[in-house]
Amino acid sequence: MVAGGVGDGYGGYRAQLVETLQRKGVRDLAVLRAVGTVPRHLFVPESVRHRAYDDAALPIGSGQTISQPWVQARYLEAVGLTGRERVLEVGTGSGYQTALLALLVDSVFSVERIAGLAQAAKRALDAAGARNVTVLVGDGTLGWRPFAPYDAIFVAAASPHVPAPLVEQLAEGGRMVIPIGDRAAQTLMLVVRRGSDVHTTTIGDVRFVPLLGEFGFR
């Protein structure tokens, strides 16, 4: 992963963002290192690039947003990644979280419903040097069966319930983070698969765009 290139002019901003996340309670050193490495400015439109390292959600087109870095850091921290995982990401979006995952796990398979966003994310991921990522255009609520089972699944949009295909594609002991609720407000949940049982833990209140698809919002 290339941190925007030596002397890219954004290193200080990345360091400030890491400090902000630490003040807000993020403790996972691997996650903080990833935030300090990934060039977030490559994943936002030119019109908002001056705000790339604000701890804020930003518009990326097609009615979608790049999530607040603190929320993404909480996502990643909640799963307790070891670096050896095969990961499914539902909702590539800008590709920024995908790039963070690329530094934190062995391989990332990411599904994006909107073709234009998927193409832009691929270009940004290439520019950032993420090589262990594969992006598919499709219905993320169906998962991506050819590469299952997954050690972890990250769902980057809100669903009215946990999509059954995603649970089926979790490995034994696999973890999933997903916002559950209505279109206005949701609760971030950690889902763990133990045999035929599924255990859920509440992480906190969040607000995401809706997860559209066969097993999400219509």
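None of the figures in this text is laboratory data; all of them are computed from the coordinates on show. Here the structure is a predicted model, which is why all the values come from computation and not from measurement. With ideal geometry, Cβ positions are generated from the backbone for all residues, glycine too; neighbour counts draw on all protein chains shown.
If amide H atoms are built 1.01 Å from N in the plane of the peptide, which residues on other chains or at least 5 residues away come under 5 Å of the amide H of residue 138?
For residue 138, the qualifying residues are 112, 113.
So what's the angle, to the nearest 10 degrees on a 0 to 90 scale, between helix 115-128 and the longest Cα principal axis of the chain?
50 degrees
Under unit Cβ charges (Lys, Arg +1; Asp, Glu -1), what dipole magnitude, rounded to 20 debye, does the chain have relative to its Cα centre?
Here the size comes out at about 240 debye.
Specify the angular offset, from 0 to 90 degrees and rounded to the nearest 10, of the alpha carbon long axis of helix 11-23 from the longest principal axis of the alpha carbons in the chain.
The two axes meet at around 50 degrees.
Return the Rg/Rh ratio of the chain with Cα-based radii and a Kirkwood Rh.
A ratio of 0.93.
If every alpha-carbon in the stretch 43-116 counts as one equal scatterer, what log10 I(q)/I(0) does Debye give at q = 0.13, 0.28 1/Å?
Debye output, listed in q order: -0.40, -1.37.
Just want the ordering: 114, 66, from fewest to most Cβ atoms lying within 10 Å of their own Cβ.
Sorted ascending by nearby Cβ count, the order is 114, 66.
³J(HN,Hα) across the stretch 164-174 via Karplus (A = 6.51, B = -1.76, C = 1.60, θ = phi - 60°), whole Hz, x for Gly/Pro?
Couplings: 4, x, 6, 4, 4, 8, 6, 6, 4, x, x Hz.
According to the Cα gyration tensor, what semi-axes, each the square root of 5 times an eigenvalue, does the equivalent ellipsoid of the stretch 122-199 have, listed from largest to smallest in whole Å?
23, 17, 11
Pairs of alpha-carbon atoms within less than 8 angstrom and 6+ residues apart define the contacts here; what relative contact order does the chain have, in percent?
Over the chain, the number comes to 15 percent.
Could you give the nm distance between label points at residue 46 and residue 106, where each point is 7 Å from its Cα heading toward the beta carbon?
So the two model labels end up 4.2 nm from each other.
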